[in-house]
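Okay, so here's the structure we're looking at.
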Amino acid sequence: MPHLAVPDMSPALPEMLLPALAMALLIVGAFRGERGARLVSWLAVFALIVVLAVLLLGGPERRFGFYGMFVSDAFALFMNTLVLIGSGVAILLAMDYNEEQGIARFEFPVLVLLATTGMMVMVSANDLITLYVGLELQNLALYVVASFDRDSPRSSEAGLKYFVLGGLSSGMLLYGLSLVYGFAGTTGFAEIARLLAGSAPVSPGLIVGLVFVIAGLAFKISAVPFHMWTPDVYEGAPTPVSMFFAVAPKMAALALFIRVMIAPFGPLVGEWRQIVVFLSIASMVFGAVAAIAQRNVKRLMAYSSIGHVGYLLIGLAAGTTEGIRGVLVYLAIYLFMNVGAWGVILCMRRQGQMIEEIADLAGLSRTRPALALALGIFMFSLAGIPPTAGFFAKLYIFFAAIDAHLVGLAVIGVVTSVVGAFYYVRIVKVMYFDEPTGAFDTPIAGELKGVLFVTAVVTLFFFLLPGPLVGSAAAAASSLFVR
Amino acid sequence: MSHWPLLSLVTFLPLVGVFFILIARGEEAVVARNARFIALWTSLIVFALSVLLWVRFDPNTAAFQFVERAQWVTFGGFTFTYHMGIDGVSLFFILLSTLLTLLAIVSAWRVITFQVKEFMVAFLVLETFMVGIFCALDFIVFYVFFEGVLVPMFLIIGIWGAENRVYSAFKFFLYTLLGSVLMLLAILAIYFATGTTDIEYALNHSQLFSAGLQKWLWLAFFASFAIKVPMWPVHTWLPDAHVEAPTAGSVILAGILLKLGGYGFIRFSLPMFPLASHYFTPLIFTLSAIAVIYTSLVALAQTDMKKLVAYSSIAHMGFVTMGIFALTSEAVQGAVIQMLSHGLVSAALFLCVGVLYDRLHTHEIARFGGLVERMPAYAFVFMAFTLAAVGLPGTSGFVGEFLILLGTFRVNTLECFLVATALFLGPMYMLYLYRRVIFGTLTRADLRGILDLSPRETAIFVPLLLLVLWMGIYPTSFLRPIQVSVDHIVAQATLATSAAGMRRASLP
């Protein structure tokens, strides 16, 4: 490898542009003070759009940067797009909420931008070191964002819980990474893959390291049994932050999980598949069963996201191009339906106070028919009922599972999806069958209305034009398997 | 007109009505009135178009007709095609769906007083899904329609149902969902066996499924269809759903949704998995015999009219499942006719119950008696459909039951004998019901002022009665298109079993 004085940094252009813009916004915010929150938020959304444009202009070609520690390919392009959309929507929807709650500060969009930078680095990591740096860059910003409503004990508690458990999982991950490095002698993904693909027997130490890595990453994607923080953090954090957590960091962590499993440890698929299958089954079953008893809608969404991670892991367990494609399609659809569902939760406000009980949705179909219809679409989609997008998401996952002869896993998947349908449909029941108890505050902010409209339309009418999304997901998935 | 995508028109035209209902603005009463009329006109036009299908249908071929094909999604060799087409088996189910939707909307004209707009939207969406199920020739398209039906029906039971509606709506939804998700996995397995999700291809290439695979696939489809039929012992959702559903919902539930199971057996299980169908025939025969005898006895003990009619439906569907798996041309034709007949008759019976419910808001048999004095026209209509339900010659019920018994007798005499007990159990519970409701003395004060059928109600019953008589007196007009397709399916199934060396012992 020729040692140049300056490594090739061009593949990481979006990842470098974003923090630069974040710093600029920090300065804008510092000059404008408290009044600058809305301006900085809009500028942050604009910054994300610019970065997205730069990213898309870069194209899906496979390019390495920083001596192979960083990779930009179709997979990274796909996942980064999702992450950027998720972050942008979170900033957009947080504006009004933060003003209502009296926590409108310009640091919020800046922190989200910094976390997003970390996520993008995670998605493009091609080396154990890059992986860890990206993850911590994301985490540090997220800990602060979780406790952003700092005068609220619940929010502070959420932030602290997230910090302690996040630190624990990072420790486990780092320990695993060090073991892998110790036994493999390298931190580069490509070198590890080459080593493992060789005929030499794989050292048990490396397998142990891999298990620690999986445990650490399972924390980040909140797969059972490493899910304990999720309901508490989702419930305690301010609602737009919970929405953000449910979307962007989850996408990034899953992208990282997939890349680590497929790129360096792909040859060990026989070893890690059983762990992923276990995580998947445990998450699906626990997510479905535990959600039944929930009364708080934010906790319900937390358990729902645990369940969905279970379905996503089916695709990873398959370990094939079809499986990864299924995961990517699922993630894109999940982004839309989840953002939509959280958007409706953001509308749950009476006399200026946020309300979070499922029972508060009673009779929504009479008081706010459009909102009820939108939430109904999201719930049926999350439950995977056709013709909504959620059905097609599950279809591709199960398709991959049958293809990889994981029939047992697929059967457990569909059965738990019926259990899960119970609690999603229960929300529809509360909205449509129960008598109204009181109306929500009007009006809904324009941005929120727009987001709800777009997500509902995409969720309902996905079946008309599934081609482009599925096509780019297929391209992204196959880019991961290029050695 | 022959180049028009007639099937897609019939399927998706109701959604145009939905669109117009949704954009209707104004006061609540005006919106409700507009919604009713839009729904009525939409369903009328759809029904007219479906009649056109019958007129243009060529009864001399078993091939699929009115075929439409369009690429839907394709990548990496995985293609879904939007593929529609009908044969003699599906033709009349489409007509039944469009007719019953029309009648259901008329029957709900005055009864549904709140959220009228939503009610009409739910029915039109339901119509799209139901017609789509019978037209679909791609598994994914089929499945989307098949499971999509659950959503509007769930809302119809849950919003406009009786007191215990929430429990019933959930039971209906989760029960049927559990069955269909297993079918989804089977569909994916079929894709890997055949390389396509095209139904027509799979029908003509059943040899691609090994005998072992067939058994698993058959069981997965069975899980879905047996719940829909419903077969004993997975029938328990049906009485609950019927009792709580509004009358119009019961009409669709009994008239169409119960037929999906039987249709699925004929369309998929027989021709695609002939070896497994042969293997599992004893299971079906046992369950059918139990269903017929057990639910007939249960019906005898009911105190609620709707529950009684619901249990009688299960008994009638026992006939159908037996006829399908007897796998003789007569029996399968009889099963199709029996399903159509039951679609008309049970819909009419639920409407009869609904007439009383609208007046007194109860289904309890003991609350009635002596109605013949005040409601002679109603008594006549109810009598006509009661007799059709018990299979009196000259009504549609007779044709179906006769053909089924005729076809099964050659295959399994004992089974035929057991199921034939329904021929005297049926009249027992139906005539017992009739005596308690219509005859006797008029004792209750609130029954003295009860009104006879209104012109609107008469207008609903007259076409149903005419159809029941037409099908009973001159069944050939219906049998002719059905026969060719059924012969083809039965030939496919028997050919495969005899090729595998499994001769039917009792065949001559």
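The values are calculated or read from the model by the stated rules, or taken from the named source; none is laboratory data. If you're wondering where the values come from, they're calculated on a predicted model, not measured in any experiment. When we count neighbours, we look across all protein chains shown, and the Cβ atoms used for this are built from the backbone with ideal geometry, even at glycine. What goes into the accessible areas is simple: the full protein's heavy atoms, side chains included, and nothing from ligands, DNA or RNA. Shrake-Rupley method; radii C 1.70, N 1.55, O 1.52, S 1.80 Å.
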From the options B:Val462, B:Val484, residue that is part of a helix (DSSP H, G or I) and within 17 Å of B:Ala335 (Cβ to Cβ): B:Val484
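For (1) facing another protein chain (nearest Cβ under 9 Å); (2) open to solvent by 10 Å² or more (accessible area, probe 1.4 Å); (3) within 24 Å of the chain's Cα centre (by Cα), each residue gets a yes or a no:
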{"position": "A:Asn338", "(1), (2), (3)": "no, no, yes"}
{"position": "A:Met348", "(1), (2), (3)": "no, no, yes"}
{"position": "A:Gly352", "(1), (2), (3)": "no, yes, no"}
{"position": "A:Phe380", "(1), (2), (3)": "yes, yes, yes"}
{"position": "A:Ile385", "(1), (2), (3)": "yes, no, yes"}
{"position": "A:Ala393", "(1), (2), (3)": "no, no, yes"}
{"position": "A:Ile402", "(1), (2), (3)": "yes, yes, no"}
{"position": "A:Val418", "(1), (2), (3)": "yes, yes, yes"}
{"position": "A:Tyr423", "(1), (2), (3)": "no, no, yes"}
Test for A:Leu135: is it open to solvent by 10 Å² or more (accessible area, probe 1.4 Å), touching a Leu at 6+ places or on another chain (Cβ under 9 Å) and modelled with pLDDT of 90 or more: no
Which numbered condition A:Phe461 misses (of (1) within 11 Å of chain B (Cβ to nearest Cβ); (2) in contact with a Pro (Cβ under 9 Å, 6 or more places away or on another chain); (3) free of Cβ contacts under 8 Å to residues at least 24 places away in the same chain): (1)
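The rows are residues; the columns are (1) of a type in the set (Lys, Arg); (2) over 23 Å from B:Lys215 (Cα atoms); (3) surrounded by fewer than 24 Cβ atoms within 10 Å (Cβ to Cβ).
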position: B:Phe273; (1), (2), (3): no, no, no
position: B:Tyr294; (1), (2), (3): no, yes, yes
position: B:Leu297; (1), (2), (3): no, yes, yes
position: B:Met305; (1), (2), (3): no, yes, no
position: B:His316; (1), (2), (3): no, yes, no
Segment B:113-141, residues that are among the aromatic types (Phe, Trp, Tyr), open to solvent by less than 10 Å² (accessible area, probe 1.4 Å) and either touching a Phe, Trp or Tyr at 6+ places or on another chain (Cβ under 8 Å) or at the interface with chain A (Cβ under 10 Å from one of its Cβ atoms) (or both): B:Phe119, B:Phe134, B:Phe139
Condition check for B:Thr61: assigned to a loop (DSSP other than H, G, I, E, B) and modelled with pLDDT under 85: yes
Residue satisfying condition, being at pLDDT 90 or above, under 21 Å from the mean Cα position of the chain (by Cα), open to solvent by less than 30 Å² (accessible area, probe 1.4 Å) and among the hydroxyl-bearing types (Ser, Thr, Tyr), within set A:Ser72, A:Ser87: A:Ser87
Cross-chain or 6+ apart pairs with Cβ under 7 Å, segment B:343-361 first and more than 13 Å from B:Gly249 (Cα to Cα) and touching a residue at least 12 places away in the same chain (Cβ under 8 Å), then in a helix (DSSP H, G or I) and acidic (Asp, Glu): B:Val355/B:Glu457; B:Leu360/B:Asp446
Residue list for segment B:170-180, restricted to those being within 7 Å of chain A (Cβ to nearest Cβ) and open to solvent by less than 10 Å² (accessible area, probe 1.4 Å): B:Phe173, B:Leu177
Residue satisfying all of: in segment A:172-202; open to solvent by 60 Å² or more (accessible area, probe 1.4 Å) and among the aliphatic types (A, V, I, L, M); farthest from the chain's Cα centre (by Cα) among these: A:Ala200
Tally, over segment B:50-67, of residues that are within 10 Å of B:Ile86 (Cα to Cα) and among the hydrophobic types (A, V, I, L, M, F, W, C): 7
Extreme residue, least open to solvent (accessible area, probe 1.4 Å), among residues of segment A:425-438 that are charged (D, E, K, R) and not in a helix (DSSP H, G or I): A:Asp434
Subset of segment B:195-205 that is in a helix (DSSP H, G or I) and open to solvent by 20 Å² or more (accessible area, probe 1.4 Å) - its residue that is farthest from B:Gly85 (Cα to Cα): B:Asn204
Of residues in segment B:152-166 being within 8 Å of chain A (Cβ to nearest Cβ) and touching a residue at least 24 places away in the same chain (Cβ under 8 Å), the one least open to solvent (accessible area, probe 1.4 Å): B:Ile159
Qualifying residues in segment A:439-457 (those that are assigned to a helix (DSSP H, G or I) and open to solvent by less than 50 Å² (accessible area, probe 1.4 Å)) - the one nearest to the other protein chains (Cβ to nearest Cβ): A:Ala456
Selected residue (only one of B:Val336, B:Val372, B:Val355, B:Val419 is in a helix (DSSP H, G or I) and open to solvent by 10 Å² or more (accessible area, probe 1.4 Å)): B:Val372
Number of the exception - A:Leu316 against (1) under 22 Å from A:Pro386 (Cα atoms); (2) modelled with pLDDT of 90 or more; (3) open to solvent by less than 10 Å² (accessible area, probe 1.4 Å): (1)
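Name the residues in segment A:120-134 that are in contact with a Gly (Cβ under 7 Å, 6 or more places away or on another chain) and closer than 22 Å to A:Met23 by Cα, would you?
A:Val121, A:Met122, A:Gly134
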Conditions (1) away from every other protein chain (no Cβ under 11 Å); (2) touching a residue at least 24 places away in the same chain (Cβ under 8 Å); (3) surrounded by fewer than 20 Cβ atoms within 10 Å (Cβ to Cβ): number failed by B:Gly212: (2)
Any hit, segment A:143-166, residues being within 22 Å of A:Phe75 (Cβ to Cβ) and over 21 Å from the mean Cα position of the chain (by Cα): no
Checking B:Ile187 against (1) among the aliphatic types (A, V, I, L, M); (2) within 14 Å of another protein chain (Cβ to nearest Cβ); (3) part of a helix (DSSP H, G or I); (4) more than 24 Å from B:Ala136 (Cβ to Cβ), the condition it does not meet: (4)
Any hit, segment B:429-446, residues being more than 30 Å from B:Gly394 (Cβ to Cβ) and in a helix (DSSP H, G or I): yes
A:Pro249, sole failed condition from (1) within 14 Å of chain B (Cβ to nearest Cβ); (2) crowded, with 24+ Cβ neighbours inside 10 Å: (1)
